[in-house]
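Single-structure report; data block below.
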Amino acid sequence: MAVNQVCPVSVASDGNCLFRTVPYALYGRESLHNHLRLLASIELLMHPELYDVHSDTFYVPFQCDSRIVLPNYDVSWCDIVATAT
């Protein structure tokens, strides 16, 4: 897609705008957002070490990115979810 063919569009404002805009840009419809969200969830579940800042196999380009701020707490996200429910 050429840059001069891109124009702003409106997608549903339900908190899934990132997942809605990708299929809209690729296929012209946002209805595939659930499939994209499922694929992203599967990726996170299958390769959690790539997204864990404390892992030795943390995604290499992110290791060198000074904009990524490491959390200053000693609990995992599931501990936080468990205490919030």
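Rule-based calculations on the coordinates, nothing more; no lab input. Values in this document were obtained by computation on a predicted structure and should not be read as measured data. Heads up, the Cβs are rebuilt from the backbone with ideal geometry, glycines too, and the neighbour counts pull from every protein chain shown.
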Inset, instruction - Determine the gain in length on full extension of the stretch VAL22-ALA40; use 0.36 nm per residue of separation and subtract their C-alpha separation, reporting nm with one decimal. - result: 5.3 nm
Legend entry - Spin-label model distance (nm) - ARG67 vs LEU32, 7 Å beyond Cα toward Cβ: 2.7
Legend entry - DSSP-loop trypsin sites (Lys or Arg not before Pro) across the stretch 17-56, with at most 12 other Cβ within 10 angstrom: ARG29
